[in-house]
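Undergrad: There's a structure below that I have some questions on.
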Amino acid sequence: MTSADPDCDTILPWPPMEHTPPCCVAAPHIEVTGLSVSYAGAEALRGVTLTIPRGCVTGIVGPSGCGKSTLLAVLNRMTDAIPACRVQGSVRIDRAEILAPDVDLRSLRRRVGLVFQRPNPLPISIADNILVPLRDHGLGDRRARDARLESVLRDVGLWEEVAHRLRRPATALSGGQQQRLCIARCLALQPEIVLMDEPCSALDPMAAEVIEDLIGGLRHRYTVVLVTHNLAQARRVTDHCAVFWHRPGAPSLIEMGPTRQVFEQPADDLTRLYVGGIRG
Amino acid sequence: MPERGAASSSVRPASRADFVLRALAWGGMAVLGAGVCWIVGDVVLRGVRGVSLSFLLDAPARSGRDGGIAPVIVSTAIVIGTCMIVVIPSGVLAAVGLSECLRRGGRTAAVIRLGLDIVAGTPSIAFGLFGHAFFCAFLGLRVSLLSGGLTLACMVLPLFIRLCESALLGVPAGTRRAVDALALTRRTALRRVVLPIAFPGIVSAAVFSLARALAETAALLFTTGYMLRMPGSLLDPGRVLSVHIYDLAMNVPGGDPNAYATALVLLAAVLVIGLVPLRVRRVRADRLVIT
């Protein structure tokens, strides 16, 4: 679904999924300019400039250690927690700079949710995994929170499976269910942007397929940034794709564009070799 | 995994070095086990005749040669209780500060840890002198159960903080990152995530510290004294189990049988308290399944 329809961004934020037109638009949501990141002097990303369109699923692909996860960590400032991590450049969400020191991290991370590679539900009950963050952020009264619990669990297709055991520990769920719960937990805070760091790679193929369908369903309601190792997956679920590579010296962006174009008519030779399975 | 064990012992021929290493390990364990058995066996064999219900409930007579140890048990409970009431809340808070609030791997935390380790390694007699000078004399609490409890608290606190800290650091990295990504407030993170995960470890830390306090003699000689009477208040002097054993064995001719009986009571108390963490882990595990 790479066709562009300029009407899409007027419908955001978050209409019910089925009422959204099947498109994603080229209106920028996240603009990264000249982004360089280093960990204790070692360059993890150099001079990245890219634009992530609103309401689309944007894939970040490339071999291991080429800065994919680092880019994701910058987008909600998880890099702040890493000692000796230096971030330079500009990242703007809806034209507001998020790398400025006075940015409120709490509201930023509520707007920009993150789903990890390994499912990491909190070791409390299934319901509390959703309700505790809602309560912590002061969202809604008790009733509204309970309603939200049901709606996000339905969104990730978990409601039918867990409705009768909401008070059971989340850690007793299967890996795939845990990951869906983590996605629901992220969606519960009503983010605009959902970052996903290889959300399927720790799961078995069946569970991965469920998550993949789910990611497709998030399109139009959320801006999704999906880091993946799996080129076939990137091709299936993303609208746009950014290819990262170890350029001599430091990892950087080598190509970005609509997914079909990146896979079928890549502009860069490395991209052609990579998506053709010849390198990487 | 029985297959794996079988494979490593039957398929792979044990080398000479392997054999020597194994023999040394088993030998070390045997020596240690024999030592422990000897001590425990000695105390049990010589003490068991003296222990009875009346021994636990009666007042001592003839400087402890006859009668029971009721006031000693009461004094011990008061001293240990005072100690733990001070140690648990302040120690948990200090450990939270150390592991959650200070920058990880930072210099401040490293200096504090080093300080705690040095204090934890200080001989208890030094704590006794400090307690006598500070609590008994300077604060005017005299030689009393309260002074003893507070002195013990100072002695046990560094150990308790370090054990609690390692329990708190046991929170999985993935869980911590989830907490970060959800931007939970520190209060929610502690109350709903970190402390519940660390709870069994904190209980273990408390029990370990309690056992350490229960075994302490030197620090209490100077601070609670060795008055063999039923204490009337926190500010009365008293005699704890370990001091009673010491006094009977060293200063009272013919006190050995009751010294052994008292030692058996102390040993049993440590054993029973040591079982608490196992119990707690089990209760927690049950709750995790039920709720």
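Undergrad: Identify, from the list A:98, A:82, the residue that is touching a residue at least 40 places away in the same chain (Cβ under 8 Å) and more than 8 Å from every other protein chain (Cβ to nearest Cβ).
TA: On inspection, the qualifying residue turns out to be A:82.
Undergrad: While we're on this one: Of all residues being in a helix (DSSP H, G or I) and within 17 Å of the chain's Cα centre (by Cα) in segment A:237-276, which is surrounded by the fewest Cβ atoms within 10 Å (Cβ to Cβ)? Just the residue, please.
TA: A:259
Undergrad: Also, I was wondering about something else. In segment B:93-145, what residues are in a helix (DSSP H, G or I), open to solvent by 40 Å² or more (accessible area, probe 1.4 Å) and among the hydroxyl-bearing types (Ser, Thr, Tyr)?
TA: If the condition is that a residue be in a helix (DSSP H, G or I), open to solvent by 40 Å² or more (accessible area, probe 1.4 Å) and among the hydroxyl-bearing types (Ser, Thr, Tyr), then B:108 is the only one that fits.
Undergrad: From A:199, A:191, grab the single residue that is surrounded by 19 or more Cβ atoms within 10 Å (Cβ to Cβ), at pLDDT 90 or above and touching a Gly at 6+ places or on another chain (Cβ under 7 Å).
TA: A:191
Undergrad: Another question, if that's okay. Spot the failing condition for residue B:220; the list is (1) touching a helix residue (DSSP H, G or I) at 6+ places or on another chain (Cβ under 6 Å); (2) closer than 24 Å to residue B:89 by Cα; (3) modelled with pLDDT under 90, and only one is missed.
TA: So residue B:220 meets the others, but not (3).
Undergrad: Quick one: is residue B:80 assigned to a helix (DSSP H, G or I), open to solvent by 50 Å² or more (accessible area, probe 1.4 Å) and either free of Cβ contacts under 8 Å to residues at least 12 places away in the same chain or within 28 Å of residue B:270 (Cβ to Cβ) (or both)?
TA: For residue B:80, the condition - assigned to a helix (DSSP H, G or I), open to solvent by 50 Å² or more (accessible area, probe 1.4 Å) and either free of Cβ contacts under 8 Å to residues at least 12 places away in the same chain or within 28 Å of residue B:270 (Cβ to Cβ) (or both) - is not met.
Undergrad: Within segment B:166-193, count every residue that is more than 10 Å from every other protein chain (Cβ to nearest Cβ) and part of a helix (DSSP H, G or I).
TA: 6
Undergrad: Something else about it: Which residue is surrounded by the fewest Cβ atoms within 10 Å (Cβ to Cβ), if the candidates are limited to segment A:109-125 and must be closer than 17 Å to residue A:191 by Cβ and more than 8 Å from chain B (Cβ to nearest Cβ)?
TA: Residue satisfying both the conditions and the ranking: A:111.
Undergrad: Here is a follow-up. Name the residues in segment B:39-76 that are within 22 Å of the chain's Cα centre (by Cα) and open to solvent by 40 Å² or more (accessible area, probe 1.4 Å), would you?
TA: Of everything in segment B:39-76, those that are within 22 Å of the chain's Cα centre (by Cα) and open to solvent by 40 Å² or more (accessible area, probe 1.4 Å) turn out to be B:39, B:40, B:44, B:73, B:74.
Undergrad: Residue under question is residue A:172, and the condition is that it be open to solvent by 30 Å² or more (accessible area, probe 1.4 Å) and within 23 Å of residue A:67 (Cα to Cα); does it hold?
TA: no
Undergrad: If residue B:196 satisfies every condition in (1) under 25 Å from residue B:78 (Cα atoms); (2) in a helix (DSSP H, G or I); (3) modelled with pLDDT under 90; (4) not β-branched (Val, Ile, Thr) but one, which is the exception?
TA: (1)
Undergrad: Here is a list: A:234, A:208, A:184. Which entry is in a helix (DSSP H, G or I), touching a Ser or Thr at 6+ places or on another chain (Cβ under 6 Å) and open to solvent by less than 20 Å² (accessible area, probe 1.4 Å)?
TA: A:234
Undergrad: Mind counting the residues in segment A:170-193 that are within 14 Å of chain B (Cβ to nearest Cβ), under 22 Å from residue A:208 (Cα atoms) and of a type outside the set (Lys, Arg)?
TA: Summing the residues that are within 14 Å of chain B (Cβ to nearest Cβ), under 22 Å from residue A:208 (Cα atoms) and of a type outside the set (Lys, Arg) in segment A:170-193 gives 15.
Undergrad: Also, I was wondering about something else. Is it the case, given these coordinates, that residue A:128 is more than 20 Å from residue A:117 (Cα to Cα), out of contact with any Lys or Arg (no Cβ under 6 Å at 6 or more places or on another chain), modelled with pLDDT of 90 or more and crowded, with 16+ Cβ neighbours inside 10 Å?
TA: Here the answer is yes, as residue A:128 does meet what is asked.
The values are calculated or read from the model by the stated rules, or taken from the named source; none is laboratory data. Nothing here was measured: the structure is a model prediction, and the numbers come from that model. Glycine also receives a Cβ, built like all others from the backbone with ideal geometry; neighbour counts cover every protein chain displayed. With ligands, DNA and RNA removed, areas are computed over all heavy atoms of the protein, side chains included. Shrake-Rupley method; radii C 1.70, N 1.55, O 1.52, S 1.80 Å.
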